[in-house]
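The next block holds one structure in the form of structure tokens; read it before the comments.
The values are calculated or read from the model by the stated rules, or taken from the named source; none is laboratory data. Small disclaimer: the values here were computed from a predicted structure and weren't measured. A quick note on method: Cβ atoms are made from the backbone with ideal geometry, for glycine too, and the neighbour counts reach across all protein chains shown. Side chains included, ligands, DNA and RNA excluded: accessible areas come from the protein's heavy atoms. Shrake-Rupley method; radii C 1.70, N 1.55, O 1.52, S 1.80 Å.
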Amino acid sequence: MVARRLRRHGLAAPAPATDLAEVVSAMCGAHAQVMSAAEASIGVRVAGITRADVRQALWTDRTVVKTRGPRGTVHLLAAADLPMWVGALGALPSPPYATGANALMTPDQVDKVVTAIAAALKDAELTSEELTAEVVARTGPWAGERVMEAFQDKWPRWMQAMEVASRRGAMCFGANRGRQTTYTSPARWLPGFTPMPPDAALPELVRRYLHAYGPATPAHFAKWLAIGPRWARDLFERAGLEPVTVDGEPAWVVAGDTDLPAGRPRGVRLLPYFDAYGIGCHPREKVFPGRAGERALNRGQAGNYAVLLVDGTVAGIWHQKRSGKRIAVTVEAFGTLSPARLKALGEQVERLGEILEGTPTLTLGEVTVGGHA
């Protein structure tokens, strides 16, 4: 199971540089709340590329798009997959923070905001301030009221609908304007963009997930996508899957996709914050065994720590501190590393430096920095 996932993720052997977008597709997106982490996630899976290549794929070639993906978090997704993602995510229930007593808008107001966003971004890249002005002009002053709690500040009311607008294909990220984030229409990334019908998109998303992370269960899928267990069970029933048994427990794969690589998983990799492999792979205790479950998880949640992967399982955590071109990497291993693995770790640190276009140094010792929020 672990060897299969490593291969599917490009972590057993990196893919050629020409397959950058295909790698992003295969891993079901790279978490991009921290862009340097997304660049490292992709770089460790694609031979020879640097962060400049990721940025070119995103902002120039537009084979990759920055938008909200699974769990409503910012991801880089393959642009060719965008119709599937929007068709699937747009059919999901509204996020919990925007429903019931937490809702700052009625469903009708949300619809009006999404329509306004789509119109404003059709042929433009707008900053948050500019988009606020456009949304307010198209809906009313209520949309601009600063009532949304956010990072010890208050944001305009309409911003609570940003995830829904992304799910429905009304917005994605545009290129930064200096230090300012901009937003634009997904149709500008993918000419002729049309969301896939939900009854096709949702089962396809299940199959994509299982290709990358299977064998898995509906409960694993529900955690990955942040949906209710009943939704996940229903989607598994509609996706054309095949039951298998893993360590005596039932799980599922795409029908016919039961092949497992020969031999044990091998290799050393440095995975950054929020890397897709750690977040999507279950059961947690198989990926984060022993000490890793205590040190590299945050109350069972993966991604808050950058991890050292040895033979497909978490065997340490690491942290980088950048100063100009210098990148100081500290690795805290949970056990003794053999000379061969120490050599491989040194090579991974050098590769990290190549990806992030810096000069790295390696220190073995305790990581004293806490997990990423």
Quick check on the range 260-270. Is at least one of its residues in a loop (DSSP other than H, G, I, E, B) and within 30 Å of LEU92 (Cβ to Cβ)?
no
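In the range 49-66, which residue that is open to solvent by 10 Å² or more (accessible area, probe 1.4 Å) and touching a residue at least 60 places away in the same chain (Cβ under 8 Å) is farthest from LYS321 (Cα to Cα)? Walk me through it before giving the result.
Of the range 49-66, the ones open to solvent by 10 Å² or more (accessible area, probe 1.4 Å) are 50-53, 55-56, 59-63, 66.
Within this subset, residues satisfying the condition of being touching a residue at least 60 places away in the same chain (Cβ under 8 Å) are 50-52, 59, 62, 66.
Values: THR50: 18, ARG51: 17, ALA52: 20, TRP59: 26, ARG62: 30, LYS66: 25 Å.
Of everything passing the filter in the range 49-66, ARG62 is farthest from LYS321 (Cα to Cα).
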Kindly indicate whether any position in the range 161-171 is basic (Lys, Arg) and farther than 24 Å from LEU225 by Cα.
no
Failed item, numbered, when LYS154 is tested on (1) more than 22 Å from GLY174 (Cα to Cα); (2) part of a loop (DSSP other than H, G, I, E, B):
(2)
Residue check, ARG146 closer than 23 Å to ALA32 by Cβ, open to solvent by 60 Å² or more (accessible area, probe 1.4 Å) and touching a Phe, Trp or Tyr at 6+ places or on another chain (Cβ under 9 Å)
no
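Find the residue count for the range 287-323, including only residues that are assigned to a loop (DSSP other than H, G, I, E, B) and in contact (Cβ under 8 Å) with a residue 24 or more places away in the chain. Walk me through it before giving the result.
Filtering the range 287-323 for residues assigned to a loop (DSSP other than H, G, I, E, B) gives 288-290, 296-297, 299-300, 302-305, 311-312.
Next, only the ones that are in contact (Cβ under 8 Å) with a residue 24 or more places away in the chain stay: 288-290, 302-305, 311-312.
Adding up the residues that qualify gives 9.
Which one of TYR305, TYR277 is touching a Leu at 6+ places or on another chain (Cβ under 9 Å), at pLDDT 95 or above, under 24 Å from VAL253 (Cα atoms) and buried (at least 24 other Cβ atoms within 10 Å of the Cβ)? Please lay out each step first, then the result.
On the way: TYR305 fails: under 24 Å from VAL253 (Cα atoms).
One residue alone meets the criteria, TYR277.
Would you confirm, using the coordinates I've provided, whether TYR213 is open to solvent by less than 30 Å² (accessible area, probe 1.4 Å), within 24 Å of ASP123 (Cβ to Cβ) and of a type in the set (Phe, Trp, Tyr)? Lay out the reasoning, then the answer.
On the way: open to solvent by less than 30 Å² (accessible area, probe 1.4 Å): yes; within 24 Å of ASP123 (Cβ to Cβ): no; of a type in the set (Phe, Trp, Tyr): yes.
The answer is no for TYR213.
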Out of the range 1-58, which residues are modelled with pLDDT of 95 or more and of a type in the set (D, E, K, R)?
ASP19, GLU22, GLU39, ARG45, ARG51, ASP53, ARG55
For ARG264, state whether it is surrounded by fewer than 21 Cβ atoms within 10 Å (Cβ to Cβ), under 22 Å from SER25 (Cβ atoms) and of a type in the set (Lys, Arg).
no
Sort out which residues of the range 117-133 are assigned to a helix (DSSP H, G or I) and surrounded by 19 or more Cβ atoms within 10 Å (Cβ to Cβ), and write them in order of number.
ILE117, ALA120, LEU121, LEU131, THR132
